[in-house]
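Peer 1: The following block contains the structure, expressed as structure tokens.
Readers should treat all values here as calculations from the given coordinates under stated rules, not as data from a laboratory. Predicted model only: the values in this text are computed from it and were never measured. Quick reminder, even Gly has a Cβ in these numbers, built from the backbone with ideal geometry, and neighbours come from all protein chains shown.
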Amino acid sequence: MQALILAGGKGTRLRPLTVYTPKPIVPVVNRPFLLYQVDILRAAGITDITLSLSYQPDKIEQLLGDGSEFGVTLRYVTEPSPMGTGGAYRFAADNISETTIVFNGDILTDFDLSSLIEFHRGKEAAATIALVPVEDPSRYGLVELDKDSRVMRFLEKPEAGDLAKLTINTINAGIYVLEPQVLNLIPKDTNHSFEYDVFPEILNRKLPFFGKVMSDEYWLDIGTPTSYLNAHHDFLNGKIKGFDIPKTDLSDVATHAKIDKVSVIGENCTIKPGAKIVNSVIGAGVHVEEKAVIENSVIWSHTRVSSGAEIRGAVIARSCHIGRNAIVSEGAVLGDKTTLTDYSKA
Ligand code: GDD
Ligand code: MG
């Protein structure tokens, strides 16, 4: 069993965070995001993992290397230009010789992949997709199953008219088990989409195509700033199980700083007396000065939060400077190296 992670998207909805950091390696609780996918693949015994890249591939390869540090073997395939999700799978064909788990590179889940693989084998499927129920399916691929879990319909980004006629809310969770025969449905060297081209073609040809609905597992597409922030809150509040969250290193933290139990503080941070940190994740080497307040926020490494600044419900990227008494409010997303002058309101 092998795995292919589709990690070539530009991450446009996550800008400005993805201007210098491609989406697959944005830090989630101070770890490059892809490592959470590597963890669940390894837990299912899958250690042969290919990363399909296109946007800023060198940064990803430099950070993750050959995978030995994480107990897996990582290989990299970089498209000359983005070939779409299905095109990326076809482009990686030289690395694919057996049943393959394909992952969208922005899905955070604690799903047990072994059960999906078992289901796929039991059905003798050519393709199996994991499904998840959501409140608003319009941003996703809507999937309809029959009573035997066979896929009857795949409708990517359904429009209001389509949605009104349907009573289902199960969507494509972005995790597939595919037999190599699926490669034959994708022409070489063209832009091709799983969602718009390959899945409809599998239906057309009446190949054995099944879906398995996740029930109690955690699932989130981290592709927007709101969901990125929510992923952190869900981690801090124990909604995501089975991952090792980096421990808080409080050696440089002033005893008079107020830090709640759930917040995570990275290595080599300086937190001065009277600073308050609630329900937040602070990256490595961050300085938080006297009486600054950080609530419900994510701060990337090497940012400085000056005295009296207040940050609530925000994401602040790497090496920013938040001036004294500045106020950063709910929903703000500041890119790398942003400087806010003293008393600014953002
Ligand atoms: N290598 C490569 N090349 N990867 C790509 C390309 C490409 O041309 N285009 C997209 N990807 C990667 C992205 O990096 C991302 O990890 C994944 O493919 C899915 O792309 P998104 O742009 O995030 O798609 P989406 O979130 O709108 O929709 C997809 O995910 C939903 C679940 O979150 C679809 O698969 C939906 O059907 C699904 O419900
Ligand atoms: Mg996505």
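Peer 1: How many nm separate the modelled label positions at LYS10 and ASP58, each set 7 Å beyond the Cα in the direction of the Cβ?
Peer 2: Placing both labels 7 Å beyond Cα along the Cβ direction yields 2.0 nm.
Peer 1: Sticking with this structure for a sec: Under 19 Å from a point 7 Å along the Cα-to-Cβ line of LYS157: which residues of the stretch 89-131 have their amide N that close?
Peer 2: Zone members listed by number: 104-107.
Peer 1: Quick one: compute a quarter of the convex hull surface over the Cα atoms of the stretch 1-94 and quote it in nm².
Peer 2: The number I arrive at for the stretch 1-94 is 6.1 nm².
Peer 1: Additional query: Kirkwood hydrodynamic radius of the chain from all distinct Cα pairs, in Å?
Peer 2: When all Cα pairs of the chain are included, the Kirkwood radius is 21.2 Å.
Peer 1: Hey, another quick one. Between SER97 and VAL213, take the C-beta separation as r, use R0 = 35 Å, and let me know the FRET efficiency to the nearest 0.05.
Peer 2: That pair, SER97 with VAL213, gives E of 0.75.
Peer 1: Angle between the Cα long axis of helix 113-123 and the longest principal axis of the chain, 0 to 90 degrees, nearest 10?
Peer 2: Around 10 degrees separate the two axes.
Peer 1: Related question: Which entries in the list LYS258/LYS337; LYS157/LYS345; LYS59/LYS272; LYS10/LYS165; LYS165/LYS206 go over 30 Å, if you measure between the two C-alpha atoms of each?
Peer 2: Going by Cα-Cα distance, LYS157/LYS345; LYS59/LYS272; LYS10/LYS165 fall outside the 30 Å limit.
Peer 1: Can I ask one more? In vacuo Debye scattering of the stretch 249-346, one point per C-alpha: log10 I(q)/I(0) at q = 0.16, 0.20, 0.23, 0.25 Å⁻¹?
Peer 2: For the stretch 249-346 at q = 0.16, 0.20, 0.23, 0.25 Å⁻¹, log10 I(q)/I(0) is -0.52, -0.84, -1.16, -1.41.
Peer 1: Size of the dipole of the stretch 10-50 about the Cα centre, Lys and Arg at +1 and Asp and Glu at -1 on the beta carbon, nothing else charged, in debye to 20?
Peer 2: 280
Peer 1: Also: Separation of the stretch 290-305 and the stretch 100-149 by C-alpha centroid, Å?
Peer 2: 37
Peer 1: Relative contact order for the stretch 107-213: what is it in percent, counting Cα pairs under 8 Å that are at least 6 residues apart?
Peer 2: So the answer I get is 40 percent.
Peer 1: A follow-up question, please. ASP146 versus LYS258, label points 7 Å from Cα toward the beta carbon: distance in nm?
Peer 2: Those two pseudo-labels are separated by 6.2 nm.
Peer 1: I've got another one for you. Among ASP66, ASP234, what is the fewest-to-most ranking by other Cβ atoms within 10 Å?
Peer 2: Sorted ascending by nearby Cβ count, the order is ASP66, ASP234.
Peer 1: What is the local net charge at GLY45, summed over the other residues whose Cβ is closer than 15 Å to its Cβ (Lys, Arg +1; Asp, Glu -1)?
Peer 2: -3
Peer 1: Divide by every residue of the chain the summed helix terms, -39500 (n - 2.57) for each DSSP H run of at least 4, and state the resulting mean residue ellipticity at 222 nm, rounded to the nearest 500 deg cm²/dmol.
Peer 2: -5000 deg cm²/dmol
Peer 1: Give the separation of the Cα centroids, the stretch 226-288 to the stretch 1-29, in Å.
Peer 2: 22
Peer 1: While we're on this one: In angstroms, what radius of gyration and Dmax does the stretch 41-159 have, counting Cα atoms only?
Peer 2: Cα-based Rg and Dmax for the stretch 41-159 come out at 16.0, 46 Å.
Peer 1: Using only the Cα atoms of the stretch 97-220, what semi-axes does the equivalent ellipsoid have when each is the square root of 5 times a gyration tensor eigenvalue? Give whole Å, largest first.
Peer 2: Working through the eigenvalues yields semi-axes of 21, 18, 14 Å.
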